[in-house]
Amino acid sequence: MIKRLVRCSTCNQVIPNYEGSILTQTQSLPEVEWSGADFGEAKKFLRTHAGHPLEELAVETDSLISEKPAYEPIGAAYILAENGQRRKFLVRRSRMALDQPAFYEIVPGKLQLSNVSLESRNMTCADRSPGKRNSRSC
């Protein structure tokens, strides 16, 4: 997962800070190889936003919410990112095909989980209704 983003303060657009190469020299994801398309998008972003104030956003790594498992590269996911002034941004990451780079955008709103529950209870055979019993478990 991307750990840092770069935001254009003028246009409110974001792009991943691939290996920290845009604003810093530190690697954000060691041992990850980025495609030429990823770096091409980064160069295009920098040309488009030349002269605009850019800021680095730190992604809250435990904030990922996705419609699919985190390892699935196709689809949409939402993350929270914060700038140095403690301002938070909701970022949507979407990818339509494996041969295309992911697209990141700031979206209005905030993350909120609802209707989430987990219930666990030890049940004995006596607790189960007669129709639910089977020879393997009771």
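The values are calculated or read from the model by the stated rules, or taken from the named source; none is laboratory data. It should be emphasised that the depicted structure is a prediction, and the values quoted were computed from it without experimental measurement. Here the Cβ positions follow ideal geometry from the backbone for every residue, glycine too, while neighbour counts run over all protein chains shown.
Residues that are under 18 Å from the mean Cα position of the chain (by Cα) and modelled with pLDDT of 90 or more within region 27-54 are absent altogether.
Looking across region 57-98, the residues that are in a loop (DSSP other than H, G, I, E, B) and touching a residue at least 12 places away in the same chain (Cβ under 8 Å) come down to Glu60, Leu64, Ala70, Pro73, Ile74, Asn83, Gly84, Met96, Ala97, Leu98. When each of Ala102, Ala126, Ala70 is tested for being modelled with pLDDT of 80 or more and over 17 Å from Cys8 (Cα atoms), the lone residue that passes is Ala102.
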